[in-house]
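Below: one structure, written as structure tokens.
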Amino acid sequence: MRIIKLKKDNLFPFLEVISEEADLWAPVKKGDKHVFKVVDDFSQIEMNSTRTILPPRKIFLPPTFDMFSVSEEGYKEDFSHITKKILFGIHPCDIHGLLILDNFYKQAYLDPYYLEARKNTLILGLSCWPDEYCFAKSTNTHIIEEGFDLFFTYLKDFFLVWIGSSQGDDLVRLKPELFDEKLTDKDIQTYLNWQAERDKAYKWDLNFTAMPDLMELKYGDPLWEKLGDTCLACGSCTNVCPTCGCYNIMDKQFLGGKDGKIMRHWDACTLEEYSEVAGGENFRKKRSDRLKLWYTHKLQAFISKYGKPSCVGCGRCIVACPVDINVRTVGKALLGEEEDAFWIRLNKEVTK
Amino acid sequence: MNSQNKQLTGVNPFVPQPARIVRTYYLTEDVKFFQVRIVDMEKALSFEYLPGQFAMISVLGAGEAPFCLSSTPSRPGLLEFCIRKAGAVTSALFRMKENDLIGLRGPYGNGFPIERMHNKDILIIVGGLGVAPLRSVLLYCLDNRDQFRRVFLLHGAKRPAEMIFREEFLALKEREDLECHLTVDDDDTGTWTEKIGVVTTLFPLLEEIDPANTFGLVCGPPVMYKFVIKELVNLNIPKDQILMTLERRMKCGVGKCGHCAIDYIYTCLDGPVFTYWDVIHMRELI
Amino acid sequence: MEKGSKEKLKIGIYELTGCAGDALLILDCEKELIDMFKAADIQSFLMAKSDNIDGELDVALVEGSVSTEREKEELLDIRKRAKTVVAIGICACFGGIQAAFLDKKDWEKNFKKVYGDKKMTHTKPLQSKPIDAYIKVDYYLPGCPIGKEQFLSTFNRILRGHPPELYRFSVCVECKWNENDCLLNKGIPCLGPITRAGCGSICINHNLPCVGCWGPVEEANLTSEFHLLREKGFDYDFIKKKMANFSGTGMADFLGELKGEKK
């Protein structure tokens, strides 16, 4: 893969040029967190952001959107939410998340809503520095070799830029004079030093290799009931997860002969209604059963099927869950390592 | 975006086909029969399916839901469903009349492994609405009678009035190439001429079973599986020749919405027909 | 009249004790109002029209809680006349603020504090309760007030003979969709996890914690929420009062247990 160099001061001029015909989405501040948003003023871009509250999949499949407008004449596909976009500042773990979704939305039947949006979005990755929640090194998603058009590694006063696709190359060629084709030995050494430091910066890890077996062996463990007792069934872990994709459909009809809409919205397997069929039978009435499904998917199922977990180590569930049920505490509990977590404290409180 | 819209039309797996209700009538108090034809002739004829597969049926404004095909692909053109009134979509369907339009897409799911079942004995055990998918495979076997060896039907219902396709099955008793046993838990009419008792009480009527060459097909209410499977295992039918079709919530039918997930499989893609072996190693199945 | 008007569903919209906010919201559907009156035969709607008829109804939408003997009789009469009854708004669904006093003695004490020994002549006051304390309710459309989108969708579905299709999950889901930072995680007492969605997480979008005004979500984990708030440093009475504020009757069993008054 071709790697070139971009001076730090040349980034905004480059973004300026490439965003002329597409919306530029990038991480910006929201309170003390970050979110992906369309930016016009590049100074708002958070170059050192950690995870955004919602993962980048919201850009491809928004929380709610209309799939069809419907009239007596039939169904009309609605792709109006799909526009040309450039997504700048997406971190390696989130690109891995997209690669997992790509796989999912392409298997058996193609999902045109996801794939069209994906086709219309260029991915400009950006390196990041782990905070206390990140564990992408455990999932091996701190390194990215595919799934982007350009990837920027931020090295103090310049970027190393990986060109990952011919569209990425086209972007560079819009303003080639901003880039430097030649890398010096010093540049390479700077990068290697940065990488070594970054790898050391991960503050904790989880043994994912052990997870599939543990999920199987501890399927009946009382742990799950404890988790179920505490879980608020708020759906936050699922909503913030970069590799969750479940959705529900709502049929919206309007008065006065206006066209109806078929609306698609994010769903979550941790919600009560998720497995309920018409007539009221619910195959996963218990919160513990729903959590088991979620963790089976994150820690076990994908490993059996694709050889890697569908967790990318972004740490969003750790930040989001108000009662500390997340890949970290559950993973550690499966390994038999006691962590401090609200659900453990609550259990002690209630049994006391 | 317009050019892309055009390119996508026709490959969007979520677009239903308009279909017309040709016939509909009550089978029991809360189960109705629907005979449906896809309006577009070409699409109607190219709708190729296997017994055990399902379709998504939609009623504008009410929603969309999955239903097993009850007709057999050996009688193409018309699609048949037997549907119990349970939620918004089925209630809306129940109010519809002949000639009304519905939306339909499919067929989805794996269906029964017909090729594996060739030249084998087929033992079909039905409880209640489980008849929906199993009628399809039964009629298929009867229409292709030379492809299968003995065919058995054990059918149980609570009361005679609740036996779905009662007349159709009573008529099948006349056939010499089908061993058909019908039972009700309780005969409140006093006119029932067949057996009385739960469906498992019919098992002693099965003579000289060749378990290694028998497929046991089960569908019925959840409580039935445990007891029926026990009988089939006692008969020494191999676990991967005991087949069952399962119900799950589905919003897409094409492995995207996630609701029918069990472990890492999707009922709509890898099911709804599962073997007893699948059930043993995927704990959430039943 | 146009053809087919005979087939229009007869609808009545009624208000019991409450702020009339739900009826007002229906009136506020300005763009859709004409279509609504065209699509249905609205027989009674006190806030909107004067020629109201109290006859047989297909659907009655009832707002407000029952707090007098007269309202109770009116409600029983509505139930008799209507094929389908829909409770609209938090007061009809869960009692609302006026039903916050769950204990009869507390309510009596408060009543006395407000009205003293004044004799009630026109009707007998009752401890305020949601309408399902007296009648069978077919559908619930919660909200404070009800949301425009959910109301129109429900109205439309009922006209077509379909049951309402509402969000059955908690405010947290919509809150995440709106990409808000979790207030609970910042130590702010938010009732999002136990409150049903449909409001679009409007308070949290403006950095204000959820007060639970849409009533408890079906599967509300009150124990977990309660202990979580305790751990965040809020005291027992504060949490209890907060939870009971809008929908005490919806979690009466739990709040009773907390008080040591197991039902």
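The values are calculated or read from the model by the stated rules, or taken from the named source; none is laboratory data. Given the structure is predicted, the values throughout are model-derived calculations rather than measurements. With ideal geometry, Cβ positions are generated from the backbone for all residues, glycine too; neighbour counts draw on all protein chains shown. Note: areas computed on protein heavy atoms with side chains; ligands, DNA, RNA excluded. Shrake-Rupley method; radii C 1.70, N 1.55, O 1.52, S 1.80 Å.
Annotations for the structure displayed:
- When DSSP beta bridges are restricted to pairs lying wholly in the protein assembly as shown, around 60% turn out antiparallel.
- Whichever aspartates and glutamates have a C-alpha closer than 12 Å to that of A:K203, once near sequence neighbours (fewer than 8 apart) are set aside: A:D131, A:E132
- Mean Kyte hydropathy of 1.0 or more with a Cα span along the axis of at least 15 Å, helices from DSSP in chain A: none
- Radius 10 Å from Cβ of B:I21, net charge of other residues (Lys, Arg +1; Asp, Glu -1): +2
- The convex hull of the Cα atoms of the protein assembly as shown, projected and averaged over all directions, covers 43.8 nm².
- Take the Cβ atoms of B:S91 and A:Q107, set R0 to 35 Å, and the FRET efficiency comes out at 0.55.
- Each label point was placed 7 Å from the Cα along the Cα-to-Cβ direction; for B:H281 and A:L174 their separation is 5.1 nm.
- For the peptides B:132-142, A:106-116, B:114-124, the ranking by packing is B:132-142, A:106-116, B:114-124, with the highest mean count of neighbouring Cβ atoms within 10 Å listed first.
- Farthest toward positive dipole pole in chain A [+1 Lys/Arg, -1 Asp/Glu at C-beta], among A:W204, A:L255, A:F88: A:W204
- Per-residue mean of foreign Cβ neighbours for A:293-302 is 2 (Cβ atoms of other chains, 10 Å radius).
- Between helix C:30-39 and chain C: long-axis angle, C-alpha atoms, 0 to 90°, nearest 10: 50 degrees
- Of the cross-linked pairs A:K58/A:K286; A:K258/B:K251; A:K298/A:K332; C:K38/C:K148; A:K137/A:K286; A:K298/B:K226, those separated by over 22 Å at the C-alpha level are A:K58/A:K286; A:K258/B:K251; A:K137/A:K286; A:K298/B:K226.
- Residue-averaged 222 nm ellipticity for chain C, from DSSP H runs of 4+ at -39500 (n - 2.57), nearest 500: -11000 deg cm²/dmol
- Placing one equal scatterer on every Cα of the stretch C:43-178 and applying the Debye formula, the log10 ratio I(q)/I(0) at q = 0.11 Å⁻¹ is -0.49.
- Cysteines (scope chain B) whose Cβ has no counterpart Cys Cβ under 4.7 Å: B:C68, B:C82, B:C141, B:C180, B:C219, B:C260, B:C268
- Partner lysines whose Cα lies under 18 Å from the Cα of B:K173, excluding those fewer than 8 positions away in the same chain, are identified as B:K195.
- Under 5 Å from the amide H of B:V151 lie the amide H atoms of B:I122, B:E179, each residue being 5 or more positions distant or on a separate chain, with H modelled from the backbone and absent for Pro and chain starts.
- Per-atom-type breakdown for the stretch B:2-107 gives carbon and sulfur 51% of the accessible area (1.4 Å probe, protein chains only).
- Using a Förster distance of 22 Å, the FRET efficiency for A:K203-A:K348 (Cβ separation, nearest 0.05): 0.25
- This model, with +1 at the C-beta of Lys and Arg and -1 at the C-beta of Asp and Glu, gives the protein assembly as shown a dipole about its Cα centre of some 1400 debye.
- Selection from A:T50, B:G63, A:L99, by position along the positive dipole direction of the protein assembly as shown (Cβ): A:T50
- Taking the three principal axes of the alpha carbon atoms in chain A, the coordinate ranges are 64, 60, 38 Å, sorted in descending order.
- Portion, in percent, of the accessible area of the stretch C:171-259 that falls on carbon or sulfur, probe 1.4 Å: 52 percent
- Chain A - share of DSSP beta bridges that are antiparallel (%, nearest 5): 75 percent
- Surface accessible to a 1.4 Å probe, per residue, for the residues of the stretch C:5-159, Å²: 51 Å²
- Take each residue in A:54-61, count the other chain C-beta atoms within 10 Å of its C-beta, and the mean is 1.
- FRET E, pair A:S166, C:D28, Förster distance 45 Å, beta-carbon r, rounded to 0.05: 0.25
- Highest mean packing comes first when the peptides A:151-164, A:259-272 are listed by Cβ atoms within 10 Å, giving A:259-272, A:151-164.
- Listed pairs A:K29/A:K200; A:K261/C:K232; A:K7/A:K37 exceeding 32 Å between Cα atoms: A:K261/C:K232
- The stretch C:112-195 shape via C-alpha gyration tensor axes, a/c threshold 1.5: oblate
- A versus C: buried accessible surface, summed, Å² (probe 1.4 Å, to nearest 100): 3500 Å²
- Using just its DSSP H runs of length 4 or more, each adding -39500 (n - 2.57), chain A gives a mean residue ellipticity at 222 nm of -9000 deg cm²/dmol after division by all residues.
- With Cα atoms, 0 to 90° folded angle of helix C:222-231 axis to chain C main axis: 40 degrees
- The stretch C:40-140 - share of DSSP beta bridges that are antiparallel (%, nearest 5): 20 percent
- For the stretch A:208-351, accessible area per residue (1.4 Å probe, heavy atoms of protein chains only), Å²: 33 Å²
- Ordering of C:107-115, A:64-72, A:94-102 by packing [mean C-beta count within 10 Å, highest first]: A:94-102, A:64-72, C:107-115
- Taking a point 7 Å from the Cα of A:F254 along the Cα-to-Cβ direction, the residues of the stretch A:70-106 with backbone N closer than 12 Å to it are A:70-71.
- Nearest 10 degrees, 0 to 90: helix C:236-247 Cα axis against chain C principal axis: 10 degrees
- Total accessible surface hidden between B and A, rounded to 100 Å², 1.4 Å probe: 3900 Å²
- Scattering profile of the stretch C:171-259 at q = 0.14, 0.23, 0.26 Å⁻¹ [log10 I(q)/I(0), Debye over alpha-carbon scatterers]: -0.43, -1.16, -1.44
- Anchor B:K85: lysines whose Cα lies under 17 Å away (excluding residues fewer than 8 positions away in-chain): B:K32, B:K97
- Counting Cβ atoms of other protein chains within 10 Å of each Cβ in C:155-163 and taking the mean gives 5.
- Rh by Kirkwood over Cα pairs, then Stokes-Einstein D for the stretch B:2-107 at 1.567 mPa s and 4 °C, µm²/s: 91 µm²/s
- Approximate spin-label separation B:V39-A:D41, in nm, with each point projected 7 Å along Cα-to-Cβ: 5.3 nm
- One chain, two ends: A:K119 and A:S304. Fully extended at 0.36 nm per residue, the span grows by 63.7 nm beyond their Cα-Cα distance.
- Distances between placed amide hydrogens fall under 5 Å for A:T52 paired with no residue 5 or more residues away or on another chain.
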